[in-house]
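Inspection log for the structure reproduced underneath, given as C-alpha cells.
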Amino acid sequence: MREIKIAVVGNPNTGKSTLINALAKARLQVGNWPGVTVEKKEATLKVGDYTLAFVDLPGAYSLSPFSLEEKIARDYLFTERPDVILCVVDSTNLERNLYFVIQLMELEIPLVLALNLFDEAQKLGYQIDIPLLERLLGVKAIPTIATRGEGIEELKSAIVEVYLQNKIPNRLSYGEDLEEAIDRVRLQLLTLNPQLEASLLYKGLLIKLLEGDQELISRLNLKFNPEEIKKYLQHIEKVHGEDIESYLTDLRYGLATGVVRQVLHKPEIRKITFTERVDRVLLNRYLGIPIFLLMMWLLFKVAFDVANPYVDFVDETINGPIMKWANVGLEFLEAPEWLNSLLLHGILAGVGIVFSFLPVIGVIMLLITFLESSGYMARAAFLMDRLMRSFGVQGKSFIPMLLGFGCNVPSVYATRVLEQERERKLTIFLVPFMSCGARLPVYVVFVSAFFVEASGTILFSLYVLGIGTAILLGIFLHKLIYRGKSSPFIMELPPYRLPTFRDLRVHTWMKLRHFVIKAGTWILAINVVIWVLLNLPWKPNNPEESYLGKTGALLAPIFKPLGFGDWASTASLLAGSLAKEVVVSTMAQIYASEEERAQEETLNLIEDLKGIVFNFGAKTKEAVYNLISTMGIATLQVEEPEEAKGLIVKLQEHFTPLSALSFMIFVLLYWPCFVYGIAVRAELGSFKLYLQAILIHTLVAWLVSLLFYQVGRILGF
Amino acid sequence: MKLSDLKKGERGKIVALNLKGALKKRFQEMGILPGEEVLVERVAPLGDPVEIYIKGYHLSLRMEEAEGIEVEVLK
Ligand SMILES: Nc1nc2c(ncn2[C@@H]2O[C@H](COP(=O)(O)OP(=O)(O)OP(=O)(O)O)[C@@H](O)[C@H]2O)c(=O)[nH]1
Ligand SMILES: [Mg+2]
C-alpha cells in the first residue's frame with residue numbers, strides 16, 4: 001500500500017475543507033468567510049491500493065504570505081514537497097485563482113485543479129472550456145460541487161492518475177530575461193550545492209531566491225551567492241523599469257488573464273445577485289449597525305426561550321428520578337454514607353447542573369454555526385472595522401470575538417488571520433470579555449430566579465457589556481501598551497450561502513462536544529475536589545465550617561461592596577476561576593448540602609419513565625410557544641407559574657435583583673478559564689499573557705460590578 | 001483622481017498603484033492592477049472601510065489604502 005501525500009491549497013474560502021470533508025468523510029472546520037482554516041489538518045482515504053493523505057492548508061492568495069496562516073501554506077509547499085497538489089479553485093473567480101495556480105505550477109509537482117463552486121459559476125452563466133484549460137496548463141481539472149459531493153469520484157481518480165504519470169504541469173515561459181536569470185541561479189546553486197538533485201531546483205524556489213524571500217530561504221539550507229543574484233536582479237529591474245515583485249505579479253497575471261480569455265465565457269450583462277440585494281439592506285448606511293444589534297438580540301432571545309424548557313427538563317430529570325434511583329441503588333449496595341454523599345451531592349448535583357445547560361449552549365452553538373456558514377461574519381468585520389481601529393486592531397479581529405460567544409478557546413487560534421503580532425496579542429487579550437457558553441449557566445439560573453420577564457434583554461445587555469468593556473479596555477491598552485497602527489483591512493466579502501444541513505449538524509456538535517467532554521472529565525474532577533473541601537474537616541455541622549466555607553468567608557469581604565459578600569458565592573467564584581461552569585455547580589453543591597433531602601416517595605420505575613417522557617413533551621410544547629412569541633407572531637402566555645426549584649429558591653433568598661446582576665457582571669468579566677490559558681500558551685509560547693489577563697480582567701470585573709452595584713443602590717434599586 | 005474620491009455607485013479604471021512594499025504586492029496579487037475596472041459598492045456605516053467590486057468579486061478596503069489607488073472615472 002502506497003501513501004500519496006496531497007497538499008490541498010487554494011485561495012481562501014474556495015471550499016478546500018468542505019471538499020476534504022466530502023472526499024475523506026472528515027469533519028474539518030468550515031465556514032463562509034476567508035480564514036476559517038488556520039492550521040494544517042490531515043485526513044486520509046483509501047482508493048484501491050493507495051492511501052490518499054490529504055493535508056488541509058489555510059487559504060492563501062499567493063505564495064508570498066501576508067499573514068500567519070498564509071505562511072503555513074507556503075512553508076508546507078516549499079519544505080514538505082507533497083506528491084500531488086490539489087488546488088481548489090473558485091470557479092466564479094477564475095482569473096484571481098489562476099494567478100495562484102500559476103505560482104503552484106512553478107513548484108513542478110503534479111497538480112490537480114478542483115473547479116469548485118461550479119454550481120455558483122453555472123448560476124452566473126459562466127461557461128468554462130475545461131479540456132482547453134487542462135491543455136494550456138498541463139494539469140487535470142475537475143468540476144466539483146463540494147457541498148453536494150459532486151465530482152468527488154472523478155477527483156480521486158485524477159489524483160491517482162497524475163501521481164502515477166508524475167505529470168508535471170507545463171513550464172510557462174516568463175520571458176527571456178527572467179528565464180535567463182532563473183537558469184543562472186540554478187547553475188549557481190548546482191555548483192555550490194553539488195549534493196542537490198536537479199529536480200529540487202524547481203522554478204518556484206529559484207524565483208524565491210531572486211525575490212529574496214529571506215525568511216523562507218534561511219530555512220532551506222542552501223548555499224548561494226547573494227551578491228551575484230543581486231546582479232541578475234538589477235539587470236531585470238533595469239530592463240523592465242519595475243521592481244522584481246511587481247514585474248512577476250504583472251507577468252503571472254498576464255498569463256492568467258490570457259488563459260481565462262481563452263477558456264471562460266461570461267454573459268454580456270451582469271445581473272444583480274441575491275447577495276448584492278441582501279447587502280443593500282444588511283450593510284445599509286443607516287440600518288447596518290441596528291440590524292447587527294437586532295440580530296444579536298434575537299440570537300440570545302431565541303436561544304434562551306427555546307432552550308430553557310429543556311434546561312428545566314434535564315434538571316428535573318436529574319434531580320428527580322435519576323437522583324432517586326441512584327439513591328435507591330446505593331442503598332441497595334449498602335454504600336457507605338460518604339460515598340453516597342460524594343456521588344449524589346458532589347458529582348450528580350454538580351455535574352448534573354452543568355449537563356442541564358447543554359440545551360441552551362447547544363442552541364447558541366447552532367446559531368453561531370449558522371452565522372459562520374451564512375457569510376455574515378465577513379460583513380460583521382466590515383461593519384466594525386472603523387470601531388476596532390480605535391484601539392489599533394482591524395475588522396478581522398471582530399471575527400474571533402464573535403466566535404468567542406461560543407467558546408473563547410477557538411477564538412485564540414482564529415486570531416491567526418491577523419497580520420501583526422501586536423494585533424493578535426491584543427485581540428487574544430480581549431477575547432475573554434466575549435461571553436462564552438460556559439457562562440450561560442450562571443446567567444440562566446439567575447435570570448430564571450429574578451428576571452424571567454426580561455430574559456432576552458438581560459442576556460443581550462450582558463453580552464453587549466462584554467463587548468463594551470473590551471472596547472474601552474482595548475482603547476486604554478492601545479494608548480498604554482499595545483501602541484501602533486492597525487494593519488490594513490483587506491477582506492473579500494463572499495456571497496451569502498445557505499448552510500447545508502450536514503454542516504450545521506456536524507459543526508454544532510463539534511462545538512458542543514467540547515463542553516460535554518469537559519463536563520464529564522475535569523469539571524467532574526473539580527466537583528470531587530469541591531465536595532472534599534465542603535466536607536472537611538469531616539462532617540462539618542454546617543457547610544460554613546468546612547474548608548471551602550472558611551476560605552469563602554475569609555475572602556467574602558472583598559465582594560461585600562459588590563453586593564454579594566457571602567461565603568457561598570465567594571467560594572463559587574473561587575472554584576469558577578478554573579472553568580465558569582463550575583460557578584453554578586459549586587452553588588448547587590453548597591445549597592444541596594444545606595438542604596435536607598426530602599424522603600423519597602413511591603418507587604415505581606414505570607411511572608417515573610412515563611413522567612420523564614410526558615415532561616419532555618410538555619417542555620417541547622413550551623419551547624414552541626416561546627419561539628412563536630419571540631418571533632412576534634403571537635404573545636402567548638405559557639401556563640401556570642411553575643413551582644420554583646431548589647437552587648432558584650436559594651438564590652432568591654441570598655440575592656436581590658441588583659446584587660444578582662452585579663454577580664452576573666462579575667462572572668462575565670473575571671478570570672479567563674484555564675483552557676483559554678492553555679490555548680494562549682500554545683499560540684504565544686508562554687503563560688505570560690494569561691497571567692496578565694487574570695489580573696487585569698479580575699480587577700476590571702471588580703470595578704465594573706462595584707460601579708454598577710453602588711450606582712444601582714443610589715438610584716434606589 | 002483617487003479611488004477614495006469615487007462615490008457610491010461610481011466606476012473607475014485603475015491607472016496606477018501608489019503604494020509600497022508588501023501592501024502593494026498584496027493588492028496586485030488580489031487583482032488590483034492598472035487597467036482594471038472598479039465599482040464602488042458602498043461605504044461602511046461608520047464612514048470607513050469601502051466595498052468595491054473588481055475582477056468579479058467583492059473586496060473591502062480602507063479609505064487610507066484607497067487613497068493610494070489612482071483611477072480615472074468611467075461614465
Ligand atoms: N454552493 C457551494 N458552496 C460551497 C461549495 N464548496 C464549499 N462551499 C461553501 O463555501 C464556504 C467555504 O467553505 P470552506 O470549506 O470553509 O472553505 P476553505 O477553502 O476551507 O476556506 P478557508 O479555510 O477559509 O481558506 C462554506 O460555506 C461552504 O459551505 C460548492 O461547491 N458550492
Ligand atoms: Mg478551510
Residue count, region B:43-75, condition among the acidic types (Asp, Glu), touching a Gly at 6+ places or on another chain (Cβ under 8 Å) and open to solvent by less than 40 Å² (accessible area, probe 1.4 Å), comes to 0
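Among A:Thr521, A:Thr551, which is the only one that is among the hydroxyl-bearing types (Ser, Thr, Tyr) and more than 14 Å from A:Ile590 (Cα to Cα)? Walk me through how you get there before you give the answer.
On the way: A:Thr551 fails: more than 14 Å from A:Ile590 (Cα to Cα).
Unique residue meeting the criteria: A:Thr521.
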Does region A:19-41 hold any residues that are surrounded by fewer than 24 Cβ atoms within 10 Å (Cβ to Cβ), in a loop (DSSP other than H, G, I, E, B) and within 9 Å of ligand 2 (Cβ to nearest atom), and which are they?
-> A:Leu28, A:Gln29, A:Val38
Given (1) farther than 30 Å from A:Val363 by Cβ; (2) open to solvent by less than 70 Å² (accessible area, probe 1.4 Å); (3) within 11 Å of chain B (Cβ to nearest Cβ), where does A:Leu283 come up short, assuming only one miss?
-> (1)
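Counting residues that are hydrophobic (A, V, I, L, M, F, W, C) and more than 11 Å from chain A (Cβ to nearest Cβ), which strands (runs of 3 or more DSSP E) fully inside chain B reach at least 1?
On the way: elements: B:11-17, B:37-43, B:50-54, B:57-61, B:69-74.
Those strands (runs of 3 or more DSSP E) span B:11-17, B:37-43, B:69-74.
Is it the case that region A:283-304 has a residue that's aliphatic (A, V, I, L, M), outside any helix (DSSP H, G or I) and touching a helix residue (DSSP H, G or I) at 6+ places or on another chain (Cβ under 8 Å)?
To start, the set of residues in region A:283-304 that are aliphatic (A, V, I, L, M) comprises A:283, A:287, A:289, A:291, A:293-296, A:298-299, A:302-303.
With outside any helix (DSSP H, G or I) added as a condition, the list becomes A:283, A:287.
When the remaining residues are screened for being touching a helix residue (DSSP H, G or I) at 6+ places or on another chain (Cβ under 8 Å), the result is A:283, A:287.
Looking through region A:283-304, at least one residue is aliphatic (A, V, I, L, M), outside any helix (DSSP H, G or I) and touching a helix residue (DSSP H, G or I) at 6+ places or on another chain (Cβ under 8 Å).
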Just checking, which of A:Leu124, A:Leu68, A:Leu63, A:Leu113 is at pLDDT 95 or above and hydrophobic (A, V, I, L, M, F, W, C)?
-> A:Leu113
So which residues in region A:22-34 are in contact (Cβ under 8 Å) with a residue 40 or more places away in the chain, closer than 21 Å to A:Pro410 by Cα, within 10 Å of ligand 1 (Cβ to nearest atom) and away from chain B (no Cβ under 14 Å)?
-> A:Gln29, A:Val30, A:Gly31
Over region A:8-18, the set of residues surrounded by fewer than 24 Cβ atoms within 10 Å (Cβ to Cβ) and more than 7 Å from ligand 1 (Cβ to nearest atom) is none
Is there a residue being within 16 Å of ligand 2 (Cβ to nearest atom), surrounded by fewer than 21 Cβ atoms within 10 Å (Cβ to Cβ) and of a type outside the set (A, V, I, L, M) anywhere in region A:42-55?
-> yes
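Just the residues that are part of a helix (DSSP H, G or I) and charged (D, E, K, R), please, taken from region A:4-18. Before the answer, list the steps.
Taking region A:4-18 first, the residues part of a helix (DSSP H, G or I) are A:16-18.
The one that is part of a helix (DSSP H, G or I) and charged (D, E, K, R): A:Lys16.
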Is it true that some residue in region A:496-519 is more than 30 Å from A:Lys123 (Cβ to Cβ) and among the acidic types (Asp, Glu)?
-> no
Number of positions in region B:20-42 that are in contact with a strand residue (DSSP E or B) (Cβ under 8 Å, 6 or more places away or on another chain) and open to solvent by 30 Å² or more (accessible area, probe 1.4 Å) | 6
Has region A:171-189 got at least one residue that is open to solvent by 60 Å² or more (accessible area, probe 1.4 Å), in contact (Cβ under 8 Å) with a residue 60 or more places away in the chain and not assigned by TED's automatic domain parsing to the domain that holds A:Leu94?
-> yes
Could you tell me which residue of region A:218-269 is least open to solvent (accessible area, probe 1.4 Å), considering only residues that are in contact (Cβ under 8 Å) with a residue 40 or more places away in the chain and of a type in the set (D, E, K, R)?
-> A:Arg252
Out of (1) part of a helix (DSSP H, G or I); (2) open to solvent by less than 10 Å² (accessible area, probe 1.4 Å); (3) touching a His at 6+ places or on another chain (Cβ under 9 Å), what's the single condition that is false for A:Val393?
-> (1)
Helices (runs of 4 or more DSSP H) wholly in region A:329-374 with at least 2 residues that are away from ligand 2 (no atom under 16 Å from the Cβ), at pLDDT 80 or above and of a type in the set (S, T, N, Q) - which ones?
-> A:337-341
Pairs where the first residue, in region A:557-578, is at positive phi and the second is open to solvent by 30 Å² or more (accessible area, probe 1.4 Å), C-beta under 6 Å, 6+ apart = A:Gly563/A:Tyr709
How many residues are in contact with a Lys or Arg (Cβ under 9 Å, 6 or more places away or on another chain) and away from ligand 2 (no atom under 16 Å from the Cβ) if we restrict to region A:119-152?
-> 10
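The values are calculated or read from the model by the stated rules, or taken from the named source; none is laboratory data. On a predicted model such as this, the values are computed, not experimentally measured, just so you know. All Cβ positions, even for glycine, are placed from backbone atoms using ideal geometry, and neighbour counts span all protein chains on display. To get the accessible areas, we keep the full protein, side chains included, count just its heavy atoms, and leave off ligands, DNA and RNA. Shrake-Rupley method; radii C 1.70, N 1.55, O 1.52, S 1.80 Å.
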